[in-house]
Each structure stands twice: as structure tokens, then as C-alpha cells.
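Step one of this worksheet: look at the structure below.
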Amino acid sequence: MKVDILGCGVDMVDMAGALEKVETFINAGTPHHVITLNAEIIYRAQNEPKLKKVINSAHLVTPDGAGVVWASRRLGKPLQERVTGIDLTTELAGKASQKGWKLFLYGAAPGVADEAAENLKKQHPGLQVAGTSHGYRKPEEMPDLIAEIKKAGPHILLVALGAPRQEYWIREHLQETGVPVSIGVGGSFDVLAGRVERAPVWAQKAGLEWAYRLVKQPSRFKRMLALPKFALKVINYNFKKR
């Protein structure tokens, strides 16, 4: 089941449900696109039909952020919890170490994916990382990158190019890479590599992770303006539906 948030379908799954879906996709062996969707991208999709189409064509869309969970409650179809890119990545790494699934990390600045991979392997002994690549590959280098990914044969491709660039990239190359599960994970590699500090657990549970990130990175202020605009749109959308 999905909840329709401003025309974007979000799957009504918690973390356990998302992990179960991913395992089903891997067992199927065919390419699947997973999006961890936040309020900022839903708001952007209102004026970007191509992005909305990509979101609604994904095989799994999880609620990444307190804003999405709040919106679902306002619309009468409450989501149980956030399933963020960073949390899904760490949970999948643990499961992959047990199941023998291989990961490929693509994105972030040079060296970051390597550091993230090493830290994941330390946290999850037995985890297989089939390959890594930074996110500054030029368009003419894409055929080589696709070849690297196909040769590595991962079960899960984690793409950290920032949203929505990563969603467009995955959609464009989904069939070409042939990876069973491709997920856009935003800035997760920076956190996993230890280059960016994540909000304390209390802030995460209180739905204030966005505020913590804003304090740490004031340059995000302009982007954060999408949040109150998103909230107003949801309220108006709900009013019209009634």
C-alpha cells in the first residue's frame, strides 16, 4: 500500500518491511529502483514532472524524513516511522554480511566512498564490498563506470550523488547496470566515512535532524525553505480533498 503525498506515492513500510522488500528484489535478480524520499524532493517534484514520474516509477519509495511522516498523518494514512537513506544503508550492510550480498558504493568526493566502505566492513565483519567509485566521474566516463559495476556484480548499488541527481542517474542506468537493487542514499557516505557528524539520537527521534543539520551547515538554509512551503502545500492539499 502507498500513501499519496502531493502526487508522490510513498510505500507504507517500516524498516523491517523495507528490508524484506529489498531481499525480495535481490532474490528476483532483476533490476529494482529504491528511493528514500524526503519532503524537499516531494516539494521539488511539484514543479518537475519528470522527477515525479521517476518517483512514481520506483519499485520502493521509503519515507526519508519527519516531514514525510507528518504529511502522511495529516492525510489520514499514517506511516509508522522514517526509513532514511543512512539508516537503510547501515541495516542493509548488516544483513548483507549475513546473507553474502555484495555492495558497490558510488558517489561523494574522491576517497569518501572508500572510507565509508572500510568503516562498514569494520562494523559488519564479513561484509563484501565489490567496488567503490567517487561521484565526480565525467559523462564520457560513464561507460567505464557501468562496466566496472557490471564486472563487480553487486547485489546492491548505493548511489550518493545527492537528490534528485542520484534518482535520475539510477533511472537512466538501471537496466544497463543490471544490479538487483539500486538505492539513492544522499550524503550517507560522508556520515559513514566520519567526515560529517550525524544528529544525536534524541534529535533524530524528535524529528529535529533537519534543524541539527541546518545549525551545522548554515549553507543549507535556502534548501530548508522548501520545508514550510511543503507543509503549507500538504495542508492545502488535505483541505481540498475534504
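Under a point-charge model restricted to the Cβ atoms of Lys and Arg (+1) and Asp and Glu (-1), what is the dipole moment magnitude of the chain relative to its Cα centre, in debye to the nearest 20? Spell out each step's value before the answer.
Details: 34 positive and 24 negative charges, 216 e Å.
Roughly 1040 debye for the chain.
Return the distance in nm (one decimal) between the two label points of a simple spin-label model at residue 175 and residue 146, each offset 7 Å from Cα along Cα→Cβ.
1.1 nm
For the chain, build the charge dipole from Cβ charges (+1 Lys, Arg; -1 Asp, Glu) around the Cα centre, then report which of 66, 100, 35 sits farthest towards its positive end.
Farthest towards the positive end: 66.
Can you work out the Karplus-derived ³J(HN,Hα) for every residue in region 81-87? Use 6.51 cos²θ - 1.76 cosθ + 1.60 with θ = phi - 60°, whole Hz, and x for glycine or proline.
Result, rounded to whole Hz: 6, 6, 10, 7, x, 5, 5.
Any idea how far apart residue 15 and residue 121 come out in nm if each label point goes 7 Å out from Cα toward Cβ?
2.5 nm
How would you classify region 10-128 from its alpha-carbon gyration tensor, with a ≥ b ≥ c the square roots of the eigenvalues: rounded for a/c under 1.5, else prolate if a/b is greater than b/c, otherwise oblate?
Details: a/c = 1.84, a/b = 1.61, b/c = 1.14.
In terms of gyration-tensor shape, prolate.
Apply 1/(1 + (r/R0)^6) to the Cβ-Cβ distance of residue 225 and residue 128, taking R0 = 30 Å, and write down the FRET efficiency to the nearest 0.05.
Details: r = 41 Å, r/R0 = 1.38.
Efficiency at R0 = 30 Å is approximately 0.10.
Remind me, what semi-axes does region 29-70 give for its equivalent ellipsoid, largest first in whole Å, using sqrt of 5 times each Cα gyration tensor eigenvalue? Don't skip to the answer; put the middle values down first.
Values: eigenvalues 72, 42, 6 Å².
In descending order the semi-axes read 19, 15, 5 Å.
Can you tell me the equivalent ellipsoid semi-axes for the chain? Use √(5λ) from the Cα gyration tensor, largest first, whole Å.
On the way: eigenvalues 160, 76, 64 Å².
Over the Cα atoms of the chain, the semi-axes work out to 28, 20, 18 Å.
At 7 Å along the Cα-to-beta-carbon direction for both residue 30 and residue 236, put a label point, then send me their distance in nm to one decimal.
Here the modelled spin labels are 4.0 nm apart.
Which aspartates and glutamates, on any chain, are close to residue 121 with Cα under 14 Å apart, when same-chain ones fewer than 8 places away are left out?
Counting by Cα, and skipping residues close in sequence, residue 121 has these aspartates and glutamates nearby: 91.
Can you pull the semi-axes for region 1-72, root of five times each eigenvalue of the Cα gyration tensor, sorted largest first, whole Å?
Numbers: eigenvalues 91, 43, 14 Å².
Equivalent ellipsoid semi-axes, largest first: 21, 15, 8 Å.
Going through the cross-link list 53/150; 122/151; 50/99, which pairs have a Cα-Cα distance over 29 Å in this structure? Present the calculation step by step, with values, prior to reporting the outcome.
Working: 53/150 26 Å; 122/151 25 Å; 50/99 36 Å.
Beyond 29 Å between Cα atoms: 50/99.
When DSSP beta bridges are limited to those with both residues in region 2-241, what percentage is antiparallel, rounded to the nearest 5?
Numbers: 4 of 26 bridges.
If we restrict to bridges inside region 2-241, about 15 percent are antiparallel.
For residue 2, give me every one of the aspartates and glutamates with a C-alpha distance below 20 angstrom, ignoring sequence neighbours fewer than eight places off in its own chain.
11, 14, 20, 23, 40, 64, 81, 167
Throughout, read-outs are computed from the coordinates displayed, never taken from laboratory work. Keep in mind it's a predicted model, so treat the numbers as computed, not measured. Note: ideal-geometry Cβ built from the backbone for every residue, glycine included; neighbour counts use all protein chains shown.
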